[in-house]
Amino acid sequence: MANTPDRVRVRLSEISPRAYEHPADRGALVALRSLRGFDEVFKRMSGLFNERALRLMFLSGAVRVGPTQFPHLHDYVRDAAYVLDLDEVPELYVQMNPKPNAMAIGSQKPFIVMTTGLFDLLEAEEQRFVIGHEVGHILSGHAVYRTMLLALIQLAARVAWIPLGYIGLRAIVAALEEWYRKSELSCDRAGLLACQDPEAAKRALMKLAGGSKLVEMNPDAFLEQAREYESGGDARDSFLKLLSLMGTTHPFAVVRLAQLHRWIEDGSYQRIIDGEYPRRASDRDASVGEEARSAAKSYKESWERSEDPLLGTLRDVAGSAASAGGKIFDSVADRWRGGQRRDEGANGSS
């Protein structure tokens, strides 16, 4: 069966995931990808999770989507892979679980899992958004890093009785969780690019917060909630916000909707639909330093939008980090590239 969509959507040929990745997500991934062999090492480490066993678990305990099982979901994942120009259509499983959730997992051959709680909550175009979101995770390579994060969380739980070892692992896990929260913002954008229906994307995020009674909710009022949350109250509220994020891999729904709305309003979404986006062939030329500065700038801008008193004290620090962080990453990248050229020269002369 040809991998073509059911209606006309703009196909984003050879789109680089850098086109939709949040600056903080993109900065981390570009830095990781610039290290020669890092992805391969990471994939091998993620092999601590038995991917074959993981897939067999869903093969035996969930429903694999296909032409004769959830055929419309089969069309949606094919369409998302077509629009985002993914080489291979990932497998999709529907799992009996009342908690609304979806995830892309695996390293060698990532696949998608959607719970019945999420399936029952969403209408057709909203399901397209969620599936496009997960396809975005696969295109960005997030599934590999997510698998590693889950492995580290399990490892941290096993060594919790060793104080220093646990503290060290929790620091790594906390950093990865912060990165992953930004990756969720990235893939909300990917989901929108896949479904190409901004209102459906917003509805899906609202439902994740308030359930299926959409007639009782209002997007403008929901955005006002986001503004109230971002503005904060006093220092106690700021501290409570930080505590509430500990152990979480997803931003809160109001934050996700506000971020996606902002991305649409600034014209970024339409520019990509119009064909103005980086292609995968240019990924190797991405500047690590530039992405690091972009990430720091993104944090600084978000803090400047906020009236949160605690974040207000960090604004000047972010400005310095944008410059210093870029220089550090540029230096590291130059050293790696220099080492790679020396290795290639040695191999050529042998």
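The values are calculated or read from the model by the stated rules, or taken from the named source; none is laboratory data. As the structure is a prediction and not an experimental result, all values here were calculated from the model. All Cβ positions, even for glycine, are placed from backbone atoms using ideal geometry, and neighbour counts span all protein chains on display. All accessible areas refer to the heavy atoms of the entire protein, side chains included, with ligands and DNA or RNA removed. Shrake-Rupley method; radii C 1.70, N 1.55, O 1.52, S 1.80 Å.
Between the DSSP loop rule and a limit of at most 11 other Cβ atoms within 10 Å, which GluC sites (Glu not before Pro) in segment 182-219 are left?
Taking segment 182-219 and a limit of 11 other Cβ atoms within 10 Å, no loop GluC sites (Glu not before Pro) are found.
Give the peptides 77-85, 202-210, 93-101 in descending order of average Cβ contacts within 10 Å, highest first. Don't jump to the answer; show the numbers that get you there.
Details: 77-85: 22.9, 202-210: 20.6, 93-101: 15.6.
Order by mean packing, descending: 77-85, 202-210, 93-101.
Please give, to one decimal in nm, the separation of the simple spin-label points placed at residue 96 and residue 216, each 7 Å out from Cα toward the Cβ.
About 2.8 nm separates the two model spin labels.
At a 10 angstrom cut-off on C-beta neighbours, averaged per residue, how do the peptides 255-268, 59-72 rank from highest to lowest?
For the peptides 255-268, 59-72, the packing ranking is 255-268, 59-72.
A 25 angstrom limit on the alpha carbon distance is what I want to check against. Which of 109/207; 109/182; 109/202; 109/213 exceed it?
Numbers: 109/207 30 Å; 109/182 23 Å; 109/202 30 Å; 109/213 37 Å.
Pairs exceeding the cut-off: 109/207; 109/202; 109/213.
Give the long-range amide H neighbours of residue 65: residues separated by 5 or more places, or on another chain, with amide H under 5 Å away, using H modelled in the peptide plane at 1.01 Å from N.
Those lying under 5 Å, H to H, from residue 65 are 92, 93, 94.
Please calculate how many Å² of accessible area segment 190-235 carries per residue, with a 1.4 Å probe and no DNA, RNA or ligand atoms counted.
49
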